[in-house]
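Structure first, then comments.
The values are calculated or read from the model by the stated rules, or taken from the named source; none is laboratory data. Here the structure is a predicted model, which is why all the values come from computation and not from measurement. A quick note on method: Cβ atoms are made from the backbone with ideal geometry, for glycine too, and the neighbour counts reach across all protein chains shown. Areas reflect the complete protein model, heavy atoms only, side chains present, ligands, DNA and RNA absent. Shrake-Rupley method; radii C 1.70, N 1.55, O 1.52, S 1.80 Å.
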Amino acid sequence: MTERTRLNKEWLDYLAAASREFERSRIRSSRYYPHYTEQGAWKLLDVGALSSWQDGTYEHGNWTAGFWFGNMWLTAMVQGDDKPAELALSRLAELTDRAHDHTTHDLGFLFYPSIALGYQCGYLGLEQIEPALQAARMTARRFNDQGRYIQAFGPVGEVRSAGTSTIDTLMNLPLLWWAYGVTEDPRLLDVARHHARTSARLLVRPDGSTIHLMQLDPVSGAFLTESTLQGASPDSAWSRGSGWAVGGLSWSYAMTREPELLVAAERAAAYYERMTTPDKLPPWDFSDDSPAAPPDASAAAAVALGYLLLGVSHPDSTARSRFDTAGRGLLDTVTRLAVNRDEGADGILLHSCYSVPRGRGVDGATAWGDFYYGLAMSVAHGALPIEYLLTSRRR
Ligand code: GLY
């Protein structure tokens, strides 16, 4: 098999999995969306499930429904068939209440893949994007001026939540970049830029591994402690954290051209490269070197997208070409090892994890893995121009 045929076969495998997901979605309730799979079946979550503190630990609620909408736009685009987009459009109203959710930083995950990307791809008009702009304003209200971070968890200013900041928020920032492009509201740009800088400084360690969560003093802004919910331990290297860092910092650099964001993106990328080999998926946490460590392909998908973004935005042409090649190579690995070829199982990208410590969604499909993999594949195969991610115009 030639390289080109093999790549085409991988593209076809992705399309087959994406189209199965569309067909299965048609018969589901419009209130419930894929979260992660267990034993090959989606665990579906009510779109209105809000985040909360339960017994001292944070429950994210539904932070993943937006990815399903993103997958439908992508499926429509790559197949040249409007039916998946029509289905997404018919369900969009279910999501819009969440634009007023004041309990979470995850509004970017909910509203970038759904409304912002739907608009960029031409499936939504200006008159349909207000919920995403509202969600962006809501996110900006979570900004702590003293510490220059977006509060991760809980209602703004609530005592136990006020100092929380997480690596995941970096991958929520595309909502703010996009909303700034539409509205030219400088507050949205400032919040995103300062949050990205703070994360680059405090959440990416000198060796390029990442801290999952940090607690800051919300009054002075000082760093207090590192911790984690989904990683192995506070000082371990949760691989999805690498995914959120490489993806989010690369995107942030592409939007701002701020050198410190490029430095941090490259440091996180170099760490990921050091810790992985092309014949394997990353383990869920790089500190778990046991042969039975569950893999997390969703982390690799987010890294691959970051590489493709550096492949167009890095100021050095040799580095651009190196990152572009690395992104395609990583997608090749991920497709070979993790795309769903089992017609009986749900999901597009398998071998991913939600939370190993909590025993949730271990080694299955995840809503975000499906989305970032589909997005990166669509860019790499020329089905979605990368400019759609970097500008704010309807196509
Ligand atoms: N945003 C939650 C996670 O990545 O698990």
### Any pair with Cβ under 9 angstrom, 6 or more apart, that starts in the stretch 353-381 at a residue that is on the phi > 0 side of the Ramachandran plot and ends at one that is of a type in the set (A, V, I, L, M, F, W, C) and open to solvent by less than 10 Å² (accessible area, probe 1.4 Å)
Gly361/Cys353; Asp363/Cys353
### Query
Just checking, how many residues over the stretch 324-361 are open to solvent by 70 Å² or more (accessible area, probe 1.4 Å) and either acidic (Asp, Glu) or away from the ligand (no atom under 16 Å from the Cβ) (or both)?
6
### Query
Can you tell me which residue in the stretch 98-113 is nearest to Gly70 (Cα to Cα), limited to those that are touching a helix residue (DSSP H, G or I) at 6+ places or on another chain (Cβ under 7 Å) and in a loop (DSSP other than H, G, I, E, B)?
Asp106
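Please return the ranges of strands (runs of 3 or more DSSP E) entirely within the stretch 1-81 where 1 or more residues are buried (at least 21 other Cβ atoms within 10 Å of the Cβ) and in contact with a strand residue (DSSP E or B) (Cβ under 6 Å, 6 or more places away or on another chain).
Output list reads 32-38, 41-46.
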### Query
Does Tyr271 satisfy the condition of being in contact (Cβ under 8 Å) with a residue 60 or more places away in the chain, in a helix (DSSP H, G or I), of a type in the set (Ser, Thr, Tyr) and crowded, with 24+ Cβ neighbours inside 10 Å?
no
### Query
Taking the stretch 161-217 as the search range and keeping residues that are among the acidic types (Asp, Glu) and away from the ligand (no atom under 16 Å from the Cβ), which one is most open to solvent (accessible area, probe 1.4 Å)?
Glu184
### Summary
The condition of being part of a strand (DSSP E or B) and farther than 24 Å from Ala304 by Cβ holds, among Ser161, Ser165, only for Ser165
### Task
Just need a number here: residues in the stretch 104-153 that are under 17 Å from Asp168 (Cβ atoms) and open to solvent by 20 Å² or more (accessible area, probe 1.4 Å).
2
